[in-house]
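Asker: Got a structure here, written out as structure tokens. Questions coming.
The values are calculated or read from the model by the stated rules, or taken from the named source; none is laboratory data. Note that this is a predicted model, so its numbers are computed, not measured. Using ideal geometry, Cβ is built from the backbone for each residue, glycine included, and neighbour counts are taken over all protein chains shown.
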Amino acid sequence: MDNSQLSVSWQISEIPPEDHEAIVAFHRDRRTATDIPIMPDYAYANIAHGLYENTWREHFHQDKNNPYRTGAYKAHIDGKIIGFVRFGTITFPKKEEFKIYGLTDWGELLQLYVHPDYHHLGLGWALFRRATQQLAVWGVRQMLLNVYEKNYPTRRFYERCGMILSHEKNRRVVRNNITFDVPCAYYILPDVQDYVKNLKP
Ligand SMILES: CC(C)(COP(=O)(O)OP(=O)(O)OC[C@H]1O[C@@H](n2cnc3c(N)ncnc32)[C@H](O)[C@@H]1OP(=O)(O)O)[C@@H](O)C(=O)NCCC(=O)NCCS
């Protein structure tokens, strides 16, 4: 769909716990649509299992004293969710692959999805920059993300946003007692504070 001539005005706001059901449904639908062409069937069926409910329950009920925290924004029109971004801080190397940087004060872009009816209007970019701004407020200096290696359109989008490819490697996923390796691409934004300072209003 070519949206380039459309003029759409959305709002971006925090996601309240009342939105639990709506955001779980949106997340599941978008991830399903993205994953099906990319993932082998057995992997897709197991990765998708029960993930969304848990993700958002943890998000809405996070321990405010825990230095690891997540934030999320939705894009909406008249109450209808048309996109979201979720991100978090990492105060210690939580995964082996992150140790290569040897840095502290990290953040991670966890998910970013825009409904296809609203693609190519600048909404992905608006959500991306909103996430980096909040991470900067939290003191994050480097932002990481990983994306399935074969998700080329999204990789191009992240590269346009300024993310720099660090490396590609398999991510080991265990779901329902099944282990499989998912080839992923790992990206870094090396100086979030500087990046945010240089964003145009
Ligand atoms: C990647 C994704 C978030 C991009 O969302 P989007 O709202 O279309 O993004 P934007 O509109 O900001 O930018 C996308 C493209 O539109 C272009 N664009 C931005 N504003 C535009 C406008 N007003 N008019 C025309 N084109 C525009 C950008 O230049 C960009 O082009 P490029 O990719 O060729 O460089 C979206 O495609 C998506 O949800 N994909 C699935 C996400 C996913 O797989 N997530 C899993 C990893 S977490």
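Asker: Keeping to region 103-130, report how many residues are under 15 Å from residue 74 (Cβ atoms), part of a helix (DSSP H, G or I) and either of a type in the set (A, V, I, L, M, F, W, C) or away from the ligand (no atom under 13 Å from the Cβ) (or both).
Answerer: Selection size over region 103-130: 4.
Asker: Looking at region 131-148, can you tell me whether even one residue there is of a type outside the set (A, V, I, L, M, F, W, C), closer than 24 Å to residue 114 by Cα, at pLDDT 95 or above and within 14 Å of the ligand (Cβ to nearest atom)?
Answerer: yes
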